[in-house]
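The values are calculated or read from the model by the stated rules, or taken from the named source; none is laboratory data. All figures in this text were calculated on a predicted structure; none of them were measured in a lab. Ideal geometry is used to build each Cβ from the backbone, glycine not excepted, and the neighbour counts take in all protein chains shown. Accessible surface is based on the protein model in full, side chains and every heavy atom, while ligands, DNA and RNA are left aside. Shrake-Rupley method; radii C 1.70, N 1.55, O 1.52, S 1.80 Å.
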Amino acid sequence: MGSSSTTASAKLGVLLIAAAVVVAVASARRRPVRLRLYMHDITGGPGQTAVALVNGTGPANPSMPAGSRFGDTTAVDDLLTEGPGADSKPVGRAQGTYMLASLREPVLVVSITFVLTAGLYSGSTFAAAGRDNVLEETRELAVVGGTGRLRRAAGHVVWRTARLESPVQWVLELDVHASVPSLDDIGVRVKIRD
């Protein structure tokens, strides 16, 4: 009995080591991606980029501005820039939705695709989703995928409110910490010149 138990333990140990090696090799084959972007969310007035889609039918949320109700849903097509100023170089758009998802807390559930139009990742996108407690100084969203040079992106976005330009205009700083498979792993061939 003891010898079969020892054999089973040894096989399990070998299997666990093999799995750890596979995970380590796969992780080593990923390229890090670091981006800092600024998202300009304008909920009213000229240049509005965020529009209410659904006025929630739930109860009023006591921690949000007057009139905010559980289930309120907003669509966004926000400008992304390389710096916090509205006159900073445009680098893309943030397109998606956020919904007031708490009965009592100032919590939004966010689902946004970031479309990049300048720089190394021009023509690529990455998607982020998660919980945003708007009163916390910094919040995190999960990077859940991407396209183009960001295909199969994974990681997180740390975001914070960088500026409150007016009662209807916020600037969010996005610090993207992600990784993507090496170019060979996703079928992209890079020709290196001599």
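Of note:
- Only one of the listed residues (83, 71) is of a type outside the set (Lys, Arg) and on the phi > 0 side of the Ramachandran plot. That residue is 71.
- Here residue 121 meets each of (1) at pLDDT 95 or above; (2) part of a loop (DSSP other than H, G, I, E, B); (3) of a type outside the set (Lys, Arg); (4) open to solvent by 50 Å² or more (accessible area, probe 1.4 Å) with one exception, condition (4).
- Residue within region 39-46 that is part of a strand (DSSP E or B), out of contact with any Asp or Glu (no Cβ under 8 Å at 6 or more places or on another chain) and modelled with pLDDT of 65 or more present: no
- Residue, nearest to residue 48 (Cα to Cα), within region 65-93, restricted to residues that are part of a loop (DSSP other than H, G, I, E, B) and open to solvent by less than 30 Å² (accessible area, probe 1.4 Å): 85
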